[in-house]
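The structure under discussion appears below in the form of structure tokens.
The values are calculated or read from the model by the stated rules, or taken from the named source; none is laboratory data. No experiment lies behind these values; they were computed from the predicted model shown. Neighbour counts run over all protein chains shown; Cβ positions are idealised from the backbone, glycine included.
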Amino acid sequence: MFSEHATFLEYLDRMHARTRRVIACIPADSLEWLPGKGRWTLGDQVRHLAGIERWMYGETVSGRRSSYPGHGRELADGLVDVMAYYDRLHADARAIFAALSQAQWDGKVMTPAGAPITTWKWLRAMLEHEAHHRGQVYFTLGLLDVPTPPIYGLSEPELLAQSAPPATPDASP
């Protein structure tokens, strides 16, 4: 999966759009709400996603060392600036990914932990990382009673209403 460069870029665009839709739901007055000791705010989550994509993944696939700056408010403070930071760093990272040659795409990069990995597999891990943090954003918004869009078009109650009952009580695929 994603061994083809163009397929990855198309999927990245769709995945980023799903993440962008949910972070656009963050109320300005809840951006830096801390859900508990040792936890991250919604602003931290968004800054982290932006910084990791650009300054860790973007750098390592370019053959450079990670220069991830963290997720603090000094990077972007306030909802407008956090969203601009997220959008700008994503655009920068996507341009880096799009410019990779086929040899780079199929070649190896070194992770910050010092492990060699095929570039496209490394970027696949980035997608998993984004999905993880998107789930945390959904969860935190749920704690705040903020309505969020369904990820793939239907909410679970809508899916349940559209579904037929199983043929037998213990039917399994």
Single residue of Arg134, Arg94 found to be surrounded by 13 or more Cβ atoms within 10 Å (Cβ to Cβ) and under 24 Å from Glu32 (Cβ atoms): Arg134
Every residue from region 1-57 that is touching a residue at least 60 places away in the same chain (Cβ under 8 Å), within 29 Å of Met110 (Cα to Cα) and of a type in the set (Gly, Ala, Ser): Ser3
Search result, residues across region 58-84 that are aliphatic (A, V, I, L, M), closer than 30 Å to Gln104 by Cβ and in a helix (DSSP H, G or I): Ala84
Residue that is farthest from the chain's Cα centre (by Cα) [pool: residues in region 22-57 that are among the polar types (S, T, N, Q) and not in a loop (DSSP other than H, G, I, E, B)]: Ser30
Number of positions in region 58-68 that are basic (Lys, Arg) and touching a residue at least 12 places away in the same chain (Cβ under 8 Å): 1
Every pair of residues 6+ apart whose Cβ atoms lie under 9 Å, when the first sits in region 91-106 and is of a type in the set (Asp, Glu) while the second is surrounded by fewer than 16 Cβ atoms within 10 Å (Cβ to Cβ): Asp106/Ser3; Asp106/Thr118
Qualifying positions in region 144-163 - without any contact (Cβ under 8 Å) to a residue 40 or more places away in the chain and either over 18 Å from Val22 (Cα atoms) or polar (S, T, N, Q) (or both): Ser155, Pro157, Glu158, Leu159, Leu160, Ala161, Gln162, Ser163
Looking only at region 1-21, and only at residues there that are among the small types (Gly, Ala, Ser) and assigned to a helix (DSSP H, G or I), the one that is modelled with the highest pLDDT: Ala17
Test: residue in region 63-75 that is within 27 Å of Phe139 (Cβ to Cβ), charged (D, E, K, R) and either modelled with pLDDT of 95 or more or touching an Asp or Glu at 6+ places or on another chain (Cβ under 9 Å) (or both): yes
Of the criteria (1) part of a loop (DSSP other than H, G, I, E, B); (2) over 18 Å from the mean Cα position of the chain (by Cα), which one Thr148 fails: (2)
Residue ID - nearest to the chain's Cα centre (by Cα), chosen from residues in region 81-103 that are within 9 Å of Ala50 (Cβ to Cβ) and hydroxyl-bearing (Ser, Thr, Tyr): Tyr86
The one condition in (1) under 27 Å from Glu4 (Cβ atoms); (2) of a type in the set (A, V, I, L, M); (3) touching a Lys or Arg at 6+ places or on another chain (Cβ under 8 Å); (4) touching a residue at least 40 places away in the same chain (Cβ under 8 Å) that Val82 fails to fulfil: (1)
